[in-house]
Amino acid sequence: MQITVAVEPDANNRTLRVEADGDTMFASSEVALSDDENKRLYTLEFKNLTAGNYTLRAEVLSAKSVVAMAEQELLVAGH
């Protein structure tokens, strides 16, 4: 599953962390944010998520704290 997150460019933003938190599985991925002021979209991929309900969480981190966070419920269907 590919997830695209929009992040407003800011010199304080350092890392984008995306988590898929489910009943039986947890996955997370981090990407360093670009200094390119035109880059706003970041795509991450989670492979092999099992079927079930997940809370999808995206956090933008500065060097010291969480700057912004968004959550969304997600249903992964089986094959």
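Only one of the numbered conditions (1) exposed (fewer than 10 other Cβ atoms within 10 Å of the Cβ); (2) more than 16 Å from ALA11 (Cα to Cα); (3) at pLDDT below 95 is violated by GLU73, and that is (3). Looking only at residues of the stretch 50-60 that are of a type in the set (A, V, I, L, M, F, W, C) and assigned to a strand (DSSP E or B), we find that the one that is farthest from ALA6 (Cα to Cα) is LEU56.
Just wondering, is there one or more residues in the stretch 46-68 that are farther than 17 Å from ARG14 by Cα and either touching a helix residue (DSSP H, G or I) at 6+ places or on another chain (Cβ under 6 Å) or of a type in the set (Asp, Glu) (or both)? No - not one qualifying residue is present in the stretch 46-68. Selection of the stretch 1-49 for residues being in a strand (DSSP E or B), surrounded by 13 or more Cβ atoms within 10 Å (Cβ to Cβ) and among the hydroxyl-bearing types (Ser, Thr, Tyr) yields THR15, SER28, SER29, TYR42.
The values are calculated or read from the model by the stated rules, or taken from the named source; none is laboratory data. These numbers come from a predicted model, not from an experiment. A quick note on method: Cβ atoms are made from the backbone with ideal geometry, for glycine too, and the neighbour counts reach across all protein chains shown.
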